[in-house]
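Asks: Below you will find the structure I want to go over with you.
The values are calculated or read from the model by the stated rules, or taken from the named source; none is laboratory data. Note that the structure is predicted; figures quoted are calculated from it, not measured. All Cβ positions, glycine included, derive from the backbone under ideal geometry; neighbour counts span all protein chains shown. For accessibility, only protein heavy atoms count, side chains too; no ligands or nucleic acids. Shrake-Rupley method; radii C 1.70, N 1.55, O 1.52, S 1.80 Å.
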Amino acid sequence: MQVPTPGTERRTLTGIGVSAGTAVGPVAVMAPPVGVDEQEPACTDPEADGQRVRAALAEVAESLRARAAALAEGPQRDVLAACAALATDKALLKSVDGQLRGGAGVTRAVHDAVEVYAAKLRALGGTMAERVTDLYDIRDRAVARLRGLPEPGVPALERPSILVAADLVPADTVALDPASVLGIVTEAGGVTSHTAILAAQLGIPAVVQAKGILAVPPGSFVAIDATSGDVIIAPTNADTAELAVRAAPAEYGPGHAHGHEVKLLANIGTAADAAAASALDVEGCGLLRTEFLFLDRESAPTVEEQAEAYAGVLRAFGRRRVVARTLDAGADKPLRFASLGPEANPALGRRGLRLSMAREELLDAQLLALAKARAAAPGCDLRVMAPMVATQEEAEWFVGRARSFGLDRVGVMVETPAAALTAERILGVADFASIGTNDLSQYTMAADRTQGDLAPLLSVWQPAVLAMIRAAVEGGRAAGKPVGVCGEAGGDPLAALVLVGLGVASLSMAPVKLGPVRVALRGHDLETCREMARRALAAPTATQARDAVRDLL
Ligand code: PEP
Ligand code: MG
């Protein structure tokens, strides 16, 4: 039962729900980095200021060590321990002293000393260059302490809470513990951003684009509905009772009586997801985002480590299909061990398959690990596919590479307009395609998927996006190869009906979205779905497309 927050009036913010479920709990705010104090006085006593900075850095190191100690043994713990050591590095402290002697104030001295140190690490390259992110994290924490402000990042939660932030990055989201993070509400955040996707996958109710949430004081109670996007501040008992009803699992019934042959599959990212999803009534996994297994890794996972992780997933699904997507690193999913250095436009840079083509050894290790995993899971149905394919040559290169490791069912993702428009040729060389509607919308509409205020442009109902999907499906039909969907659109019950009407062979989605999609499919025959697709394609705007389909429900 919630405790009313003194002085807080009941009110509702409306955001966009990006997962499913409801949650009620106290707000814990994730503070943003604060930056240098532009008003601070210049240094007049380098000795005393040096001591202040040392004390702040020592506190940062101590808090990182405490967080590491609370974790089980593993790469995440190692990363935090290494970060703690970096915070009190002698060379860094010497550089701070130099800045102070030059007259810089304390926060400016830390900032500039870190820049100098970061440049040196970058010049060394390799794993040293990968430490730069840690260094910036230490800088932001130390500067916040020196300014007497809360440290940025996910706060240590003393009780289960609703995490509130301006926005979250995938690396923070993947490390959240669903037992202590009851829900997530962000002021910004994209609907198809990887943060939203990860929240859905972790089963954490999440709402993005809740304007005004950052003004809610920490500790206030809020109730959220991750389907409708409602965020109720200071909810009444009637509100929480109503949300509990909305959260009650619907009865979807056994089997998959959706009347026509459409495979319903799960999107997963971890071994725990595989265990949970394989227990559901699904026909397999349509997208294993392998990069999610390694978001927190400092160094590349070995072939053996990878093989073990993949074999666990394959065993969980038994004879059902598992489509493993090779590393889709870059843009908003940077992997420290797979970085090719800064780029001006990372979403248009060397990400996905382009990165694999530049770092062939990473792809080869992954393909070898997948082949080993398949051998270790007799009877499994493993398929592999490449992310971010744009040309037939790329598809051919990837298919050849995968086949050389004995992997025989090799597909590609259709995430670029280039791939959608040349799907017939690409499917002349690949065995199947899976449409990534998240990136396909982003690249068709030239709208950043991580930028929440562009949500209307990123909608799958946009005429141009629907036309791209139709082109991809028609290309598959002409080539005689199956085309599925594994982007978020497949998990929207209304869009799922249109996709089926367009002719997709499978829909893969976050497990929490399977039930409503199954119900929608079961309630509509193929002819109705085709009519919905016709009407959606004929509509001049996204709103009209959605309304036209809704009229046929
Ligand atoms: C997509 O782009 O739709 C997709 C499924 O891949 P990701 O969301 O991981 O980029
Ligand atoms: Mg994608």
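To keep it simple, each residue is scored yes or no on (1) of a type in the set (Ser, Thr, Tyr); (2) part of a helix (DSSP H, G or I); (3) open to solvent by less than 60 Å² (accessible area, probe 1.4 Å).
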site: Ala61; (1), (2), (3): no, yes, yes
site: Ala72; (1), (2), (3): no, no, no
site: Gln99; (1), (2), (3): no, yes, yes
site: Ala109; (1), (2), (3): no, yes, yes
site: Glu115; (1), (2), (3): no, yes, no
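Asks: Taking only pairs six or more apart or across chains, which ones have beta-carbon atoms under 6 Å, a first residue in the stretch 23-36 that is at pLDDT below 90, and a second residue that is open to solvent by 10 Å² or more (accessible area, probe 1.4 Å) and small (Gly, Ala, Ser)?
Replies: Pro32/Ala166
Asks: Now for a different question. From the set of residues in the stretch 301-338 that are of a type in the set (Asp, Glu) and closer than 21 Å to Leu407 by Cα, which is farthest from the chain's Cα centre (by Cα)?
Replies: Glu304
Asks: Looking only at the stretch 450-467, which residues are within 14 Å of ligand 1 (Cβ to nearest atom) and open to solvent by 10 Å² or more (accessible area, probe 1.4 Å)?
Replies: If the condition is that a residue be within 14 Å of ligand 1 (Cβ to nearest atom) and open to solvent by 10 Å² or more (accessible area, probe 1.4 Å), then Thr450, Leu458, Ser459, Val460 are the ones that fit.
Asks: Here is a follow-up. Which is within 22 Å of Leu280 (Cα to Cα), open to solvent by 30 Å² or more (accessible area, probe 1.4 Å), without any contact (Cβ under 8 Å) to a residue 60 or more places away in the chain and more than 12 Å from ligand 1 (Cβ to nearest atom), of Pro482, Pro493? Break it down into steps so the answer makes sense when it comes.
Replies: Details: Pro482 fails: within 22 Å of Leu280 (Cα to Cα).
Criteria check complete, one pass: Pro493.
Asks: Take Gln462 and decide whether it is free of Cβ contacts under 8 Å to residues at least 12 places away in the same chain, in the same structural domain as Val384 (by TED's automatic domain parsing) and closer than 21 Å to Ile16 by Cα.
Replies: Here the answer is no, as Gln462 does not meet what is asked.
Asks: Would you mind finding the one in Gly341, Gly406, Gly400 that is within 24 Å of the chain's Cα centre (by Cα) and either in the same structural domain as Glu283 (by TED's automatic domain parsing) or within 16 Å of ligand 1 (Cβ to nearest atom) (or both)?
Replies: Selected residue: Gly341, the only one of Gly341, Gly406, Gly400 that is within 24 Å of the chain's Cα centre (by Cα) and either in the same structural domain as Glu283 (by TED's automatic domain parsing) or within 16 Å of ligand 1 (Cβ to nearest atom) (or both).
Asks: State which residue pairs qualify: first residue over 19 Å from Glu474 (Cα atoms) and inside the stretch 404-428, second residue open to solvent by less than 10 Å² (accessible area, probe 1.4 Å) and within 16 Å of ligand 1 (Cβ to nearest atom) in any location, beta carbons under 6 Å apart, and separation of 6 or more residues or different chains.
Replies: If the second residue must be open to solvent by less than 10 Å² (accessible area, probe 1.4 Å) and within 16 Å of ligand 1 (Cβ to nearest atom), the pairs left are Leu407/Val384; Val410/Val384.
Asks: If you don't mind, another one. With the checklist (1) of a type outside the set (Phe, Trp, Tyr); (2) open to solvent by 40 Å² or more (accessible area, probe 1.4 Å); (3) within 21 Å of Asp381 (Cα to Cα) in hand, flag the one item Leu421 doesn't pass.
Replies: Going through (1) of a type outside the set (Phe, Trp, Tyr); (2) open to solvent by 40 Å² or more (accessible area, probe 1.4 Å); (3) within 21 Å of Asp381 (Cα to Cα) one by one, Leu421 breaks only (3).
Asks: While we're looking at this one, here's another question. Of the numbered conditions (1) under 27 Å from Ala58 (Cα atoms); (2) crowded, with 17+ Cβ neighbours inside 10 Å; (3) in contact (Cβ under 8 Å) with a residue 60 or more places away in the chain, Leu149 fails exactly one; give the number of that condition.
Replies: (2)
Asks: Does the stretch 435-449 contain any residue that is open to solvent by less than 30 Å² (accessible area, probe 1.4 Å), closer than 30 Å to Ala375 by Cα and away from ligand 1 (no atom under 14 Å from the Cβ)?
Replies: no
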